[in-house]
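Here's the structure, in structure tokens; my notes come after.
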Amino acid sequence: LIGSCDTVAHGPHELQDINELLDYKPEGGGGTHMPAIFDRLEEVALRPDALIILTDGYTDYGDAPGYPVIWVCTSDRAASHGETIEINGGR
């Protein structure tokens, strides 16, 4: 499953193969409110084994959702919960 988030969560969308992943275009625009992702997953009754979120880290992380969250950040900001992995992107 894949989705995107600005001030609201878009998705989740089920992918059938790698080509769909490569062709995926994130929906939405500026601004990010990460709690919208957790709310959306609850709304569609999905509880992932783990959730991987790609972000610049300049966001409200919200409260821990009760499952593992891995934040892959393009900045040196650390999330308030879950595990943060910094990648060197865009700096």
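Here are the numbers:
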read-out: Verdict on L21 being open to solvent by 70 Å² or more (accessible area, probe 1.4 Å), outside any strand (DSSP E or B) and among the aliphatic types (A, V, I, L, M); value: yes
read-out: Given (1) over 21 Å from L1 (Cβ atoms); (2) among the polar types (S, T, N, Q); (3) open to solvent by 50 Å² or more (accessible area, probe 1.4 Å), index of the condition T74 fails; value: (3)
read-out: Conditions (1) open to solvent by less than 80 Å² (accessible area, probe 1.4 Å); (2) under 24 Å from N88 (Cα atoms); (3) at pLDDT below 95: number failed by P26; value: (1)
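The values are calculated or read from the model by the stated rules, or taken from the named source; none is laboratory data. It should be emphasised that the depicted structure is a prediction, and the values quoted were computed from it without experimental measurement. Every residue, glycine as well, gets a Cβ built from its backbone with ideal geometry; the counts of neighbours run over all protein chains shown. What goes into the accessible areas is simple: the full protein's heavy atoms, side chains included, and nothing from ligands, DNA or RNA. Shrake-Rupley method; radii C 1.70, N 1.55, O 1.52, S 1.80 Å.
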